[in-house]
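The values are calculated or read from the model by the stated rules, or taken from the named source; none is laboratory data. Since the structure is predicted, the reported quantities are computational estimates derived from the model, not experimental observations. Cβ placement follows ideal geometry from the backbone for every residue including glycine, while neighbour counts extend to all protein chains displayed. Areas reflect the complete protein model, heavy atoms only, side chains present, ligands, DNA and RNA absent. Shrake-Rupley method; radii C 1.70, N 1.55, O 1.52, S 1.80 Å.
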Amino acid sequence: MEIGALYKEACATLFKKFQNKEEASLEAYVLVSFVAKKDKSFILTYPEYQVSDDEIELVKKYVMMRIDGTPIAYITGEREFWSMNLKVTKDTLIPRPDTETLVEQALRKRNNIDVKDNKLRILDMGTGTGAIALALKSEFKSAHVDAIDYSEAALKVAKENAKNLHLDVNFMYSDWYDSLKEQHQYHLIVSNPPYICEGDPHLSIGDVRFEPMSALVAPMQGLRDILIIIRDASKFLCDGGYLLIEHGYRQGSDVRSLMMSAGFVEVETCRDLGNNERVTLGRYIK
């Protein structure tokens, strides 16, 4: 079978399910490219290229998995974030473009920080795949970056990503700050914690149905883990350091209030690619 014909067949099957031509086309290209180990430009240029029977069956299997709802990232085992190709498993959240807003804001605030010993120190809380920590390390090569998670399985994935990307990040097991000592002082603390409310209807649709609930859902209307992070951040921030937290698009006001109540100044909320409030940050002056 020709690779072009295989792509068209996959596209048609996906379109019947999703009724979105662009989405079906993109996902068909991803699946065929992944199985055949050929990029999109190759499929377009050489549609007559012959694929094996095993490759045909594997594409059909993956298409059916996608129709059943399995996220593309869990099928291919990878997702791009900040121009990095990251390994993804069912033990980790799938990195999303909106989270790049957090990285962008951390880069912006770095210019306001006086790093006396010329060694920027960063803490990523709830690192998952390591996406945020690795993105920041890729931008700040000389920085010391610690990244924590409560999931040993997620930490294993994050360490593998760091090794594959040749980025030196220190990954640690910790239930938020529990494994840290107060002599750990950071210029930037960043986090994409669980922030979806229990019982939220969005949990029953789309990719999140397959993602680990412990990394998605938090009590107190999705604010419990955010509250813990904000409440104790001052113990671990350098004078003038910043805390940056990703949150739900309706939580900006609550997160701002929590930060200001905890003594943070210069508190602001930044919007994501969809113009939704997504990241709130504040500065701690001792």
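Restricting the range 48-70 to residues that are modelled with pLDDT under 95 and outside any helix (DSSP H, G or I) leaves a set whose member that is surrounded by the fewest Cβ atoms within 10 Å (Cβ to Cβ) is Asp68.
Rundown of residues vs (1) among the aliphatic types (A, V, I, L, M); (2) closer than 19 Å to Thr269 by Cα; (3) part of a loop (DSSP other than H, G, I, E, B), yes/no style:
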site: Arg79; (1), (2), (3): no, no, no
site: Lys90; (1), (2), (3): no, no, yes
site: Pro95; (1), (2), (3): no, no, yes
site: Glu100; (1), (2), (3): no, yes, no
site: Val103; (1), (2), (3): yes, yes, no
site: Ala106; (1), (2), (3): yes, yes, no
site: Lys109; (1), (2), (3): no, yes, no
site: Asp114; (1), (2), (3): no, no, yes
site: Lys119; (1), (2), (3): no, no, yes
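Within the range 262-282, not a single residue is under 20 Å from Thr99 (Cα atoms), among the hydroxyl-bearing types (Ser, Thr, Tyr) and at pLDDT below 90. Of everything in the range 162-210, what is modelled with pLDDT under 85, surrounded by 13 or more Cβ atoms within 10 Å (Cβ to Cβ) and within 18 Å of the chain's Cα centre (by Cα)? Give them in sequence order. If the condition is that a residue be modelled with pLDDT under 85, surrounded by 13 or more Cβ atoms within 10 Å (Cβ to Cβ) and within 18 Å of the chain's Cα centre (by Cα), then Leu203, Asp207, Val208, Arg209, Phe210 are the ones that fit.
Looking only at the range 212-244, count every residue that is acidic (Asp, Glu) and in contact with a Lys or Arg (Cβ under 8 Å, 6 or more places away or on another chain) and tell me the total. Show your work before the answer.
Here is the first cut: in the range 212-244, the residues acidic (Asp, Glu) are 225, 232, 239.
After this cut, where a residue has to be in contact with a Lys or Arg (Cβ under 8 Å, 6 or more places away or on another chain) as well, the list is 239.
Residues meeting the conditions: 1.
With respect to (1) surrounded by fewer than 19 Cβ atoms within 10 Å (Cβ to Cβ); (2) under 19 Å from Val103 (Cα atoms); (3) of a type in the set (A, V, I, L, M), the lone exception for Val255 is condition (1). Of the residues that make up the range 123-142, is at least one in contact (Cβ under 8 Å) with a residue 60 or more places away in the chain, over 13 Å from the mean Cα position of the chain (by Cα) and open to solvent by less than 20 Å² (accessible area, probe 1.4 Å)? Scanning the range 123-142 turns up at least one residue that is in contact (Cβ under 8 Å) with a residue 60 or more places away in the chain, over 13 Å from the mean Cα position of the chain (by Cα) and open to solvent by less than 20 Å² (accessible area, probe 1.4 Å).
Residues in the range 19-39 that are open to solvent by 60 Å² or more (accessible area, probe 1.4 Å) and assigned to a helix (DSSP H, G or I): Lys21, Glu22, Glu23, Leu26, Phe34.
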